[in-house]
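The values are calculated or read from the model by the stated rules, or taken from the named source; none is laboratory data. Being a predicted model, the structure only gives us computed values, none of them experimental. Here the Cβ positions follow ideal geometry from the backbone for every residue, glycine too, while neighbour counts run over all protein chains shown.
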């Protein structure tokens with residue numbers, strides 16, 4: 001039961017950047033001429049001395065920023081690339097959902113593509129014929145299966161790709177950001193299917209940027225950065241480590257800042273209930289933020305605002321002093337304001353705060369700092385989505401469900 | 001090499017599906033469809049016959065030499081034309097799934113072989129109409145094998161090289177034309193053998209496997225005498241060598257296809 005299905009031993013992968021893309025005889029000749037003495041080898045180590053094992057039936061999540069080497073790692077395990085140094089070993093049949101529908105030919109019909117794709121994944125014709133109905137059914141494409149796939153919508157394309165890959169019945173399933181594509185019903189279908197795989201004791205490797213989901217699915221998470229393993233362990237532990245790392249490293253990604261600077265926001269400090277500085281809150285806790293400002297001259301009736309967004313830049317909540325019914329008198333010099341949010345209802349994850357100060361009529365924007373202040377939320381409440389809303393169930397008054 | 005053959009054989013169903021795909025896609029949404037593989041060489045023969053006729057060079061046997069030559073060459077020419085795109089044009093497949101890469105150019109060569117075999121029927125009808133009784137049937141499989149070996153070997157090489165140097169696809173047209181004139185497609189080999197060329201050049205003529213292959217096909221179809229066995233052996237040996245070298249180069253280069261695409 002618990003022997004290693006995948007083993008990766010001291011694997012490094014180098015890409016030679018100059019060789020990538022269109023290379024011509026001329027450039028090769030020039031390189032050779034120059035390279036007699038010194039080789040201008042611009043190279044990138046996508047993976048550096050990576051070692052780990054995955055046991056039978058284990059679901060391993062891979063997280064890390066862009067360029068961390070996650071996809072390269074899956075490509076090595078899928079066998080489409082060779083490691084520069086080291087060794088990978090995978091026992092059993094591998095099926096990869098690296099890019100859904102990658103093998104499809106636009107001019108062939110859905111039916112022909114199922115056979116082509118299934119065959120590339122290593123099924124023989126009899127096996128494909130047996131699974132054909134299940135594939136079409138799962139993809140929900142019975143009416144279109146004899147149409148060329150170039151007439152499919154992108155959603156249909158992806159559904160068919162997923163259906164073929166999962167029906168290939170692999171021992172090891174590699175999944176690269178599949179959860180990010182497709183609509184909500186399709187994503188649910190994928191998750192459901194992955195759950196089935198787990199129950200069958202199959203091994204999975206999943207890349208996702210969707211931390212809450214990967215935390216729930218995985219038995220173990222590997223955290224990669226710049227081609228090295230920074231963390232390997234229990235999902236909650238590694239996600240926490242990753243979020244902390246993320247806060248320190250790339251908090252500036254979505255950050256933007258503009259305004260006339262007639263009033264300047266000079267600092268924001270997040271405080272816990274005891275008044276100590278923090279950047280992490282438990283669900284239901286009270287968040288306090290101290291906003292400091294400095295003015296040039298006297299400013300009549302300024303409005304201070306804030307908003308909360310997720311790491312993808314999506315707005316979750318925003319408000320300001322005007323909406324809250326707080327009419328500030330004129331301000332001058334330095335000062336501070338305190339924002340208080342009782343009973344935080346946000347779900348697990350990282351959120352970015354934005355702060356702004358503008359004129360009463362909204363025409364002049366003095367200073368605005370967007371997505372610059374990350375805050376982590378860790379909640380024990382169990383629910384779907386990014387916000388916890390009060391809800392309750394009642395049995396029907398006419399006797400209830402079981403009547 | 002042996003492992004490779006076993007691997008390809010174990011994926012013969014994939015190979016089969018890819019061959020069918022190649023044939024289907026080539027003629028998809030064209031009115032004449034498959035007939036194009038016959039119409040093309042017939043038109044080509046028409047053009048050559050017209051110009052050679054104007055130049056007064058069509059006499060006696062030259063028309064049947066032309067017909068057999070153009071049909072046999074058509075297979076080589078189609079393979080060379082398709083070869084450069086077989087890996088580069090399937091970048092998506094290569095990067096996303098693991099399977100023996102050689103299957104891609106090989107399926108192209110086999111798809112074109114199907115075309116060639118069907119066009120051979122047309123040639124046969126022509127030959128019978130011209131009053132020839134084909135013979136030497138035992139030589140046909142040998143010629144077909146050598147023919148496929150040459151097409152495959154060169155295609156493997158070009159397909160792999162094009163991943164690293166995209167110039168290859170620009171050069172293949174020119175290379176094909178040069179090879180066309182160096183091979184006795186439009187002319188009979190006697191033209192070279194009886195010319196005043198240096199003896200070592202005449203000896204080198206059969207180093208081009210297409211020389212022996214064209215002679216072999218004409219011996220079968222038109223009842224021409226086979227060239228000396230030493231010359232035929234030279235051509236057939238070269239065909240085998242080309243296949244082996246092409247495969248070895250391909251195997252060496254395929255390890256980094258995913259990195260380069």
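Annotations for the structure displayed:
- Look at (1) closer than 23 Å to residue B:151 by Cα; (2) assigned to a helix (DSSP H, G or I); (3) touching a residue at least 60 places away in the same chain (Cβ under 8 Å) and you find that residue B:226 fails only one, number (2).
- Failed condition for residue B:136, given (1) in contact with a strand residue (DSSP E or B) (Cβ under 8 Å, 6 or more places away or on another chain); (2) surrounded by fewer than 18 Cβ atoms within 10 Å (Cβ to Cβ): (1)
- Which numbered condition residue A:147 misses (of (1) surrounded by fewer than 18 Cβ atoms within 10 Å (Cβ to Cβ); (2) within 21 Å of the chain's Cα centre (by Cα); (3) within 14 Å of chain B (Cβ to nearest Cβ)): (2)
- For the condition within 14 Å of chain B (Cβ to nearest Cβ) and modelled with pLDDT under 85, residue A:66 does not qualify.
- Cβ-Cβ under 8 Å pairs, at least 6 apart or on other chains, segment B:10-33 side within 7 Å of another protein chain (Cβ to nearest Cβ) and part of a loop (DSSP other than H, G, I, E, B), far side modelled with pLDDT under 85 and surrounded by 14 or more Cβ atoms within 10 Å (Cβ to Cβ): B:28/A:107
- Residue A:23 within 14 Å of chain B (Cβ to nearest Cβ) and at pLDDT 80 or above: no
- Residue in segment B:43-54 that is in a loop (DSSP other than H, G, I, E, B), in contact with a helix residue (DSSP H, G or I) (Cβ under 9 Å, 6 or more places away or on another chain) and more than 11 Å from chain A (Cβ to nearest Cβ) present: no
- Flag for residue B:77 being in a helix (DSSP H, G or I) and modelled with pLDDT of 90 or more: yes
- Among the residues here, residue A:100 qualifies as within 12 Å of chain B (Cβ to nearest Cβ), crowded, with 21+ Cβ neighbours inside 10 Å, under 21 Å from the mean Cα position of the chain (by Cα) and modelled with pLDDT under 85.
- Exactly one residue out of A:155, A:122 is more than 25 Å from the chain's Cα centre (by Cα) and at pLDDT below 85: that is A:122.
- Qualifying residue in segment B:19-30 (condition: over 23 Å from residue B:149 (Cα atoms), in contact with a helix residue (DSSP H, G or I) (Cβ under 6 Å, 6 or more places away or on another chain) and surrounded by fewer than 20 Cβ atoms within 10 Å (Cβ to Cβ)): yes
- Evaluated against (1) within 14 Å of another protein chain (Cβ to nearest Cβ); (2) surrounded by 15 or more Cβ atoms within 10 Å (Cβ to Cβ), residue B:255 falls short on exactly one condition, (2).
- Counting residues in segment B:98-105 that are more than 14 Å from chain A (Cβ to nearest Cβ), part of a helix (DSSP H, G or I) and surrounded by 20 or more Cβ atoms within 10 Å (Cβ to Cβ) gives one or more.
- Residue match in segment A:388-398 (condition: in contact (Cβ under 8 Å) with a residue 12 or more places away in the chain and under 29 Å from residue A:275 (Cα atoms)): yes
- Of all residues making up segment A:321-330, the number that are closer than 15 Å to residue A:305 by Cβ and touching a residue at least 24 places away in the same chain (Cβ under 8 Å): 3
- Test result for residue B:91, touching a strand residue (DSSP E or B) at 6+ places or on another chain (Cβ under 8 Å), surrounded by fewer than 22 Cβ atoms within 10 Å (Cβ to Cβ) and within 14 Å of chain A (Cβ to nearest Cβ): no
- Verdict on residue A:86 being touching a strand residue (DSSP E or B) at 6+ places or on another chain (Cβ under 6 Å) and more than 12 Å from chain B (Cβ to nearest Cβ): yes
- Within segment B:170-194, tally of residues that are under 18 Å from the mean Cα position of the chain (by Cα) and within 11 Å of chain A (Cβ to nearest Cβ): 1
- Looking across segment A:116-130 at every residue that is surrounded by fewer than 20 Cβ atoms within 10 Å (Cβ to Cβ) and part of a helix (DSSP H, G or I), the one that is nearest to the other protein chains (Cβ to nearest Cβ) is identified as A:125.
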